[in-house]
1. Taking the Cα centroid of segment 135-196 and of segment 252-303, what is the distance between the two, rounded to the nearest whole Å?
2. Taking 0.36 nm per residue of sequence separation and subtracting the Cα-Cα distance, how much length would be gained by fully extending the chain between A82 and A125, in nm to one decimal?
3. Is it possible to state the helix-based mean residue ellipticity at 222 nm for the chain, with each DSSP H run of 4+ residues giving -39500 (n - 2.57), the sum divided by total residues, to the nearest 500 deg cm²/dmol? What is it?
4. Taking the solvent-accessible surface of protein heavy atoms with a 1.4 Å probe, what is the per residue accessible area of the chain in Å²?
5. Quick one: with all protein chains in place, what share of the accessible area of segment 157-303 is carbon or sulfur, to the nearest percent (1.4 Å probe)?
6. Quick check: pseudo-label points 7 Å beyond the Cα along Cα→Cβ at D288 and Q237, how many nm apart are they?
7. Kindly write out, for segment 229-243 in residue order, the coupling ³J(HN,Hα) from the Karplus curve 6.51 cos²θ - 1.76 cosθ + 1.60 (θ = phi - 60°), rounded to whole Hz, with x marking Gly and Pro.
8. Identify which of the listed values of P(r) over Cα pairs in 20 Å bins from 0, in percent was calculated from the structure shown: [x] 35, 60, 5; [y] 30, 49, 20, 1; [z] 32, 54, 15, 0.
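The values are calculated or read from the model by the stated rules, or taken from the named source; none is laboratory data. These numbers come from a predicted model, not from an experiment. Cβ coordinates were reconstructed from backbone atoms using ideal geometry, including for glycine residues, and neighbour counts include every protein chain displayed. Accessible surface is based on the protein model in full, side chains and every heavy atom, while ligands, DNA and RNA are left aside. Shrake-Rupley method; radii C 1.70, N 1.55, O 1.52, S 1.80 Å.
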Amino acid sequence: MTELRGVCVISLTPFDTDGAVDLPSLANLLEFYIKAGVHGVTLLGIMGEANRLTEAERDQVVQATMETVAGRVPVIVGCSAAGTHQAVTYVKRAAAAGVDAVMVAPPNQIRQLDLVVDHFERVGAASDLPLVVQDEPVTTGVVLPPSFFEQVVTRVPTACAVKVEESPTLPKISRIREVTGDRLTLFGGLGGMYFFEELERGAAGIMTGFAYPDLLVAIYEAHQKGDKAAARSLFYQYLPLIRYEAQLGVTGVAIRKLAYKARGAIASAYVRPPAPTVDRRTLRELVDIAQHLGLTDLEEARL
């Protein structure tokens, strides 16, 4: 089974200025991620605008990614869906494409946890791929208590990890570790807001679309080397930028696409509608923070 840990970046899906999937930009973005030192790439998550892609486009993005990454880092594919049969289909297609793992969230607004466990059991049985459970109640409306994961490790043999995004993440990470006996690898999210503390709590890494994955890699690698002081210092140094990105809510995809465009990773910052625009003052604030931190590749003129 593929070991997942470190910074598994949530990939954007680049579009051209007409809104079509931009495969050359996708290839360039993936090379950007790998050069930044990421330890994995996660496709078709919320940041990847998965819910705005056609079935054919999903397959196109996965196939192009597998060709570009070519085994250099694990590729995890989001297979969340409104229904179990749909999620199973996504998992089977991801497996056929040769991906390393899949990530699945509960179907939106399903509050009966026995049905949610059944969903994961059926999805897990669809392939032998490692399964990451995405715990993201803000989007799904489904709260998964730590006790839920006791059932997951018993009934879903392929379940290997959880992306914990129910705030506050820190006590939940500790509690999941306690009730599952460390049988699940835990990742933080939430844009990296609590990354250092999550590592201290035993998280194996993070999954986020933060526009500076290289900074997260530096924090993670310092922590892995046992230099917690350096990891903490880096985290606190760049926390203003992490914080600013994390509070942007529904404009998060747009702001990150603008940042990646400014960094030369993608050609266009197009976000498929319906999508909010980002006002100039927000951009100015983002640029000011980046420049204050010495990150000179964000320039307002380029944004």
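1. Cα centroid of segment 135-196 versus Cα centroid of segment 252-303: 31 Å apart.
2. Fully extending the segment from A82 to A125 adds 13.7 nm.
3. Taken over the chain, the calculation gives -14000 deg cm²/dmol.
4. 41
5. 51
6. My value for the distance between the label points is 2.3 nm.
7. Once θ is set to phi - 60°, the couplings for segment 229-243 become 5, 5, 4, 5, 4, 5, 4, 5, 4, 9, 4, x, 6, 4, 4 Hz.
8. The value matching this structure is [x].
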